[in-house]
Amino acid sequence: MNRGWIAVACADHVALGVAGGFMQVCHGKAAPLRRMRPGDYVAYYSPTEAFRVRQSLQAFTAIGVIRDTDPYCFDMGAGFQPWRRNVDWLVSQAADIRPLLGKLEFTAGRGSAWGFPLRFGVLAVSDADISVIGAAMRALLQAAKTDAPQG
């Protein structure tokens, strides 16, 4: 059974992953990536535009489908070897989270603390939440799930 995930990263880092066809989470940790399965959806939420820059964004910035691969370690140089997972990124547009807060199950009843579930960097979410996010991003989710490799 496929799941939906929200990963958290600044928009600049998300753009690098989209361009390269991969994702990284939690400063390169492997464990969260191992919970994901081929065909699962992943949407990136970007609280900011750039790493360590306080320019607020609060938007979903990419959505895709996990490929039929296991996490792998990648040498980025200077001793940084994060774990990655390959993703087939969908054509989409960024979507502000604020208009979606009343529609998303993971933010329900949290008031101004709606971002609390995102604090760990990766969150499993319902199909309903992925559908809301995908629609807001104008991504074609069903086509992607049908075409996703089966493992």
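The values are calculated or read from the model by the stated rules, or taken from the named source; none is laboratory data. Please read all numbers here as calculations on a predicted model, not as lab measurements. Glycine gets a Cβ as well: all are built from the backbone with ideal geometry, and neighbour counts include every protein chain shown. Please note that ligands, DNA and RNA were not included when accessible areas were found on the heavy atoms of the full protein model with its side chains. Shrake-Rupley method; radii C 1.70, N 1.55, O 1.52, S 1.80 Å.
For beta carbons closer than 8 Å, sequence separation of 6+ or different chains, a first residue in segment 124-141 that is of a type outside the set (Val, Ile, Thr) and a second that is part of a helix (DSSP H, G or I) and open to solvent by 40 Å² or more (accessible area, probe 1.4 Å), the qualifying pairs are Ser126/Glu105; Ala128/Glu105; Asp129/Glu105; Ala136/Pro99; Leu141/Ser131. In the set (1) over 12 Å from the mean Cα position of the chain (by Cα); (2) open to solvent by 30 Å² or more (accessible area, probe 1.4 Å); (3) over 21 Å from Ala136 (Cβ atoms), Thr48 fails one condition alone, (3). Scanning segment 1-14 for residues that are modelled with pLDDT of 95 or more and open to solvent by 60 Å² or more (accessible area, probe 1.4 Å), which turns out farthest from Val65 (Cα to Cα)? Once the filter is applied, the top-ranked residue is Asp12. Taking segment 18-117 and the strands (runs of 3 or more DSSP E) fully enclosed by it, the elements with 2 or more residues that are modelled with pLDDT of 95 or more and among the aliphatic types (A, V, I, L, M) are at 41-48, 56-66. For beta carbons closer than 8 Å, sequence separation of 6+ or different chains, a first residue in segment 93-114 that is small (Gly, Ala, Ser) and a second that is open to solvent by less than 50 Å² (accessible area, probe 1.4 Å) and in a helix (DSSP H, G or I), the qualifying pairs are Ala94/Ala11; Ala95/Ile133; Ala95/Ala136. Surrounded by fewer than 15 Cβ atoms within 10 Å (Cβ to Cβ) and touching a residue at least 40 places away in the same chain (Cβ under 8 Å), is that true of Gly21? Spelling it out, Gly21 is indeed surrounded by fewer than 15 Cβ atoms within 10 Å (Cβ to Cβ) and touching a residue at least 40 places away in the same chain (Cβ under 8 Å).
Of the numbered criteria (1) open to solvent by 70 Å² or more (accessible area, probe 1.4 Å); (2) out of contact with any Phe, Trp or Tyr (no Cβ under 7 Å at 6 or more places or on another chain), the one Gln58 fails is (1). When each of Gln58, Gln81 is tested for being within 18 Å of Met137 (Cα to Cα), touching a residue at least 12 places away in the same chain (Cβ under 8 Å) and not hydrophobic (A, V, I, L, M, F, W, C), the lone residue that passes is Gln58. Per the conditions (1) under 17 Å from the mean Cα position of the chain (by Cα); (2) at pLDDT 95 or above, the sole criterion not satisfied by Lys145 is (2).
Taken over segment 24-45, the criterion of being charged (D, E, K, R) and either touching a Pro at 6+ places or on another chain (Cβ under 6 Å) or loosely packed, with under 15 Cβ neighbours inside 10 Å (or both) is satisfied by Arg34, Arg35, Arg37.
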